[in-house]
1. Mind checking which residues of the stretch 92-113 are farther than 23 Å from residue 156 by Cα and part of a helix (DSSP H, G or I)?
2. Condition check: modelled with pLDDT under 95 and either crowded, with 17+ Cβ neighbours inside 10 Å or of a type outside the set (D, E, K, R) (or both). Does residue 140 satisfy that?
3. Collect the residues in the stretch 96-132 that are among the polar types (S, T, N, Q) and touching a residue at least 12 places away in the same chain (Cβ under 8 Å), keeping them in residue-number order.
4. Taking the condition of being assigned to a loop (DSSP other than H, G, I, E, B) and in contact with a helix residue (DSSP H, G or I) (Cβ under 9 Å, 6 or more places away or on another chain), how many residues in the stretch 114-143 meet it?
5. Just need a number here: residues in the stretch 52-63 that are surrounded by 13 or more Cβ atoms within 10 Å (Cβ to Cβ) and touching a strand residue (DSSP E or B) at 6+ places or on another chain (Cβ under 7 Å).
6. Could you please tell me which pairs satisfy a Cβ distance under 6 Å, a separation of 6+ or placement on different chains, a first residue in the stretch 17-32 that is assigned to a helix (DSSP H, G or I), and a second residue that is among the charged types (D, E, K, R) and surrounded by 12 or more Cβ atoms within 10 Å (Cβ to Cβ)?
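The values are calculated or read from the model by the stated rules, or taken from the named source; none is laboratory data. Note that the structure is a prediction, hence the values are computed from the model and not measured. Neighbour counts are summed over all protein chains in view; Cβ atoms, including those assigned to glycine, are modelled from backbone coordinates with ideal geometry.
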Amino acid sequence: MMEGGAYGGGKAGGAFDPLAFIQRPQVILRALCWLFSIVVFGCISSQGWQIKDNKEVCLYNEDAMACKYGTTIGVIGFLASMAFIVGEYLFEQMSSVKSRKHYVLADLGFSAFWAFKFFIVFVYLWSQWSSSTPPPSGYGVSNVQAAIAFSFFSIFTWAGCAFFAWKRYKIGAEAAFASTFESDPGVNQYPNYPMENETDQYSQAPFTAQQQVDPSDYQPPTY
């Protein structure tokens, strides 16, 4: 992870390196999220339904909600993955620390939430498929099983994106704390050293010098 700028990103205005960009862990994971989402909704849309008694039914135990839910989460994950890949490119161009912070928090929140969503998809599809009767001639079996498998893989890719976003946020928070600490006027950054040959102007006792009275100056009182 690059740590040249705020929140673990490069400094704004730097030259764009396509090779370094595609080698970033965040970009690789986003590409996997994008690919796995295509597999999930593509498999369900293509062969997740069959015609039975002149009616289209879902292969997942004839539960239409299972097919619709898996397709919806897959499509949204596909679109979000593309948006975050574009965001990774724009992240390096953000000169505002606040804008980077907002992007990192959005990345962290959405990625963690979508990992949980794919966990629900995996459990839902797997439970419904385990209760299903085999379709005639094995129609769509490989597709519905692939959707289950890649929804499981998606849990880890989206969780990985959330992990890297959390690391970015931690780097930014630590940097902000360090900057605040260094600029705090109440923090003494320079040690005090005693001055050589320094005399204390208040070291003398208050009654060391007394006035001397000359006896010849005595004047008798008048009555």
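1. Our first condition is that a residue be farther than 23 Å from residue 156 by Cα; within the stretch 92-113, this holds for 92-102.
Listed by number, the residues that qualify are 97, 98, 99, 100, 101, 102.
2. Numbers: modelled with pLDDT under 95: yes; either crowded, with 17+ Cβ neighbours inside 10 Å or of a type outside the set (D, E, K, R) (or both): yes.
When the stated conditions are applied, residue 140 passes them.
3. Residues satisfying the conditions are 111, 128, 131, 132.
4. First pass over the stretch 114-143, keeping only residues assigned to a loop (DSSP other than H, G, I, E, B): 131-135, 139-140.
Keeping just the survivors that are in contact with a helix residue (DSSP H, G or I) (Cβ under 9 Å, 6 or more places away or on another chain) gives 132, 134-135, 139-140.
Final tally of qualifying residues: 5.
5. So the count comes out to 3.
6. Sorted first by the residue in the stretch 17-32, then by its partner, the pairs are 26/88; 27/88.
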